[in-house]
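*Asks:* Before I ask anything, here is the structure I am working with.
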Amino acid sequence: MTTRASTSVETLKKEIFLLVARALGDDHARTPTGRYVALATRLARSDEAWLTRMIGWTARHAVLRRLRLAALAELVQARLETSATGTRHLLNLCLHRADEPGELLAYWLHWYGRALPQPVKRGVADAVVRLYDEPALATYDSPGAPLRFADVLALTHPVPQGETQTAVFRHAVARRRGDVNDIPAALPQLRARRALYWIPASRRPALFERPEIGRNLAEAAMTWATLQRWLLGTMTGPAWAAVVPSMSYQDRLAHLADFDRDGLPDESAHQVAEDLTAPASVLLSGVTPLEVYPAWRSMRGTRWSRALGLAMDLSLVNVPALPGRTLVLIDRSDLMAGPGYGGLTRAEAAAILGAALACRAARAKIVVLGTTAATLPVRPGQRPLDLIDRFPDAGGSAHPAQAIRTHAAGYDRVVVLTHPDQAAEAAEAVTGPGQEHVITDATSGWFTAIPHVEMARTADWPF
């Protein structure tokens, strides 16, 4: 039998998951609000098992880290109030990255004070023993962190496991005091990096003529960003060639123009192009058309053109295949001329996001609003670039709310890509479809967010 209490709990679940789902696409929604914390607190007391599963699911999405840690802290506090057992184990299980013990403790200290309950102290200490190693110290122990590694060690007193972790803990404390020169022999990566920084800046570019430079950089775990700082911002073709193998798919996309400007050797460029068009690489990276398009547009007529055109098509695999009938309304008016995602204008980002969604949907129609209105039925198998070529010029004025009232009948969902000034009126105009998505900042995260927003509204949880 459904009771008023159970109905209320289901409403809480829908609301908090809707906040989480929207945060996948909207970076402004990734900071825990008072409402989010209140929902997490109430669910921690009314359906702990469901909230625990949601926290576990959010770990799959790095952009949700702050929301996940806030919910975890509220869940732990609720368990402490009832003297529940297993809280220490829960904390250890739910901390996944080496910066998370510090972030969780910073949240706890802000809201609950410096007197750490024993389950919190011990659970975080267990996670520290599991997560704090030399690469973690090099990567996450930065002055801008909410709490440094040494602060976490002082608050939780973990017992290091082995000589190497003992050295990691001791050096973390030394770094906090500003002593970065005396690096223990048990930390070869940090010692290798220090040796590179001891080389005078004027001599560093010439090192790339030596065959051992690749090995030296690997031993020091030098990323492209670290290498760029080491070279004082002046990269060269050989320098790029040395770090290309360790760069992510998205990083390579973002630096194709730099590769050409700085003279990346043809052999390395060929390897990059092969990876850009490898279906496995596209799938593993999660890259979307909205990320590939800025590179394709800026690199037309270069050695990357063919690879980027293929990458655009392949990246559709990371766009959701929305079921039913989908209406995509794209505002390309003068209001959309401002800067948007990845160096695109708002109008350009809306166009590629909307075209990609329509190409993957089971049945879709696009309505473009700009200098003129255009209605474009979408055939299965169409390419986003072919669709965009048929769009009218950007500019003019648009009335998304009126377009919704004209076109929305008979559709299962409406996706509206418009300017923030038009959003409220557009949302009010959607009265028929069961799913509406009014998006004012087109980002690649919306490809993941849209199906999860629909799950929130129907209580069809992905966990």
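What follows is calculated from the coordinates using simple rules that are stated; it is not laboratory data. Note that this is a predicted model, so its numbers are computed, not measured. Quick reminder, even Gly has a Cβ in these numbers, built from the backbone with ideal geometry, and neighbours come from all protein chains shown.
*Asks:* Counting only residues 5 or more places away or on other chains, whose amide H sits under 5 Å from the amide H of residue 435 once H atoms are built in the peptide plane?
*Replies:* Amide H neighbours of residue 435: 414.
*Asks:* Can you list residues from other chains, or at least 5 along the same chain, whose modelled amide H is less than 5 Å from the amide H of residue 345?
*Replies:* Counting only residues 5 or more places away or on other chains, the set is 340.
*Asks:* Taking one equal scatterer on every alpha-carbon of the range 320-458, how large is log10 of I(q)/I(0) by Debye at q = 0.09, 0.11, 0.21, 0.22 1/Å?
*Replies:* -0.22, -0.33, -1.37, -1.53
*Asks:* Another question, then. For a protection proxy built on the mean count of beta-carbon atoms within 10 angstrom, sort 172-181, 229-238 highest first, please.
*Replies:* Top to bottom by mean Cβ count within 10 Å: 229-238, 172-181.
*Asks:* Continuing with the same structure: Please list 443-449, 86-92 highest first by mean number of surrounding beta-carbon atoms within 10 Å per residue.
*Replies:* Most protected by this proxy first, the peptides run 443-449, 86-92.
*Asks:* Follow-up question, since we're still on this one. Leaving out same-chain residues fewer than 8 places away, which lysines sit with a Cα under 18 Å from that of residue 121?
*Replies:* none
*Asks:* Dipole of the range 4-186, Cα-centred, from +1 at each Lys and Arg C-beta and -1 at each Asp and Glu C-beta, to the nearest 20 debye?
*Replies:* 540
*Asks:* Taking 0.36 nm per residue of sequence separation and subtracting the Cα-Cα distance, how much length would be gained by fully extending the chain between residue 215 and residue 166, in nm to one decimal?
*Replies:* Additional length available on full extension: 15.0 nm.
*Asks:* For percent of Cα pairs over 33 Å apart, the listed values are (i) 38; (ii) 45; (iii) 50; which was obtained by calculation from the structure presented?
*Replies:* Comparing each candidate, only (iii) matches the computed number.
*Asks:* Can you work out ³J(HN,Hα) from phi for every residue in the range 224-241, in order, using Karplus 6.51 cos²θ - 1.76 cosθ + 1.60 and θ = phi - 60°, giving whole Hz and x for Gly and Pro?
*Replies:* Taking θ as phi minus 60°, the curve returns 4, 5, 5, 5, 4, 5, 4, 8, 6, x, 9, 8, 10, x, x, 5, 4, 4 Hz for the range 224-241.
*Asks:* Give me the distance between the Cα centres of the range 381-413 and the range 292-324, rounded to whole Å.
*Replies:* 21
*Asks:* So, one more: For the range 326-343, just list the computed ³J(HN,Hα) in residue order, Karplus coefficients 6.51, -1.76 and 1.60, θ = phi - 60°, integers in Hz, with x standing in for Gly and Pro.
*Replies:* With the stated coefficients, the range 326-343 comes to 10, 9, 10, 10, 10, 7, 10, 6, 4, 4, 8, 7, x, x, x, 5, x, x Hz.
*Asks:* Looking at the chain, send over the antiparallel percent of its DSSP beta bridges, to the nearest 5.
*Replies:* In the chain, DSSP labels about 25 percent of beta bridges as antiparallel.
*Asks:* What is the dipole size for the range 320-458, taken about its Cα centre, with +1 at each Lys and Arg Cβ and -1 at each Asp and Glu Cβ, in debye to the nearest 20?
*Replies:* Here the range 320-458 has a charge dipole of around 560 debye.
*Asks:* Relative to the Cα centre, what is the charge dipole magnitude of the chain, using +1 at the beta carbon of each Lys and Arg, -1 at the beta carbon of each Asp and Glu, and rounding to the nearest 20 debye?
*Replies:* Around 800 debye, computed over the chain.
*Asks:* Work from the charge dipole of the chain (Cβ charges, +1 for Lys and Arg, -1 for Asp and Glu, about the Cα centre) and give the residue of 462, 289, 351 farthest towards its positive end.
*Replies:* In the chain, that residue is 462.
*Asks:* Now for a different question. Enumerate by residue number the trypsin sites (Lys or Arg not before Pro) in the range 98-132 meeting two conditions: DSSP loop (anything except H, G, I, E, B), and at most 12 other Cβ atoms within 10 Å of the site's Cβ.
*Replies:* Qualifying residues, ordered by number: 114.
*Asks:* Rank by packing, highest mean first: peptides 368-378, 318-328, with packing defined as the count of other Cβ atoms within 10 Å averaged across residues.
*Replies:* 318-328, 368-378
*Asks:* Moving to a separate point now. Starting from the Cα of residue 81, step 7 Å along the direction of its Cβ; do the same at residue 96; then give the gap between the two resulting points in nm.
*Replies:* 2.7
*Asks:* Under 5 Å between amide H atoms, partner at least 5 residues away or on a different chain: which partners does residue 325 have, H built in plane at 1.01 Å?
*Replies:* 412, 413
*Asks:* What FRET efficiency, computed as 1/(1 + (r/R0)^6) with R0 = 41 Å and r the Cβ-Cβ distance, is obtained for residue 118 and residue 257, rounded to the nearest 0.05?
*Replies:* It comes out at approximately 0.15.
*Asks:* In whole Hz, with x marking every Gly and Pro, tabulate ³J(HN,Hα) for the range 305-316 from phi via Karplus 6.51 cos²θ - 1.76 cosθ + 1.60, θ = phi - 60°.
*Replies:* 4, 5, 4, 6, x, 5, 4, 4, 5, 5, 5, 4
*Asks:* Among the aspartates and glutamates, select those whose C-alpha is under 17 Å from the C-alpha of residue 365, and discard any that sit fewer than 8 residues away in the same chain.
*Replies:* Counting by Cα, and skipping residues close in sequence, residue 365 has these aspartates and glutamates nearby: 331, 386, 389, 412, 436.
*Asks:* If you take the charge dipole of the chain about its Cα centre, with +1 on Lys and Arg Cβ and -1 on Asp and Glu Cβ, which of 388, 162, 340 is farthest toward its positive end?
*Replies:* Of the listed residues, the answer is 162.
*Asks:* For the charge dipole of the chain, defined by +1 on Lys and Arg C-beta atoms and -1 on Asp and Glu C-beta atoms about the Cα centroid, which residue among 43, 424, 327 has the Cα displaced farthest towards the positive pole?
*Replies:* Value: 43.
*Asks:* To continue, here is another question. Can you give me the C-alpha center-to-center distance between the range 185-223 and the range 126-152, rounded to a whole angstrom?
*Replies:* Cα centres, the range 185-223 to the range 126-152: 23 Å.
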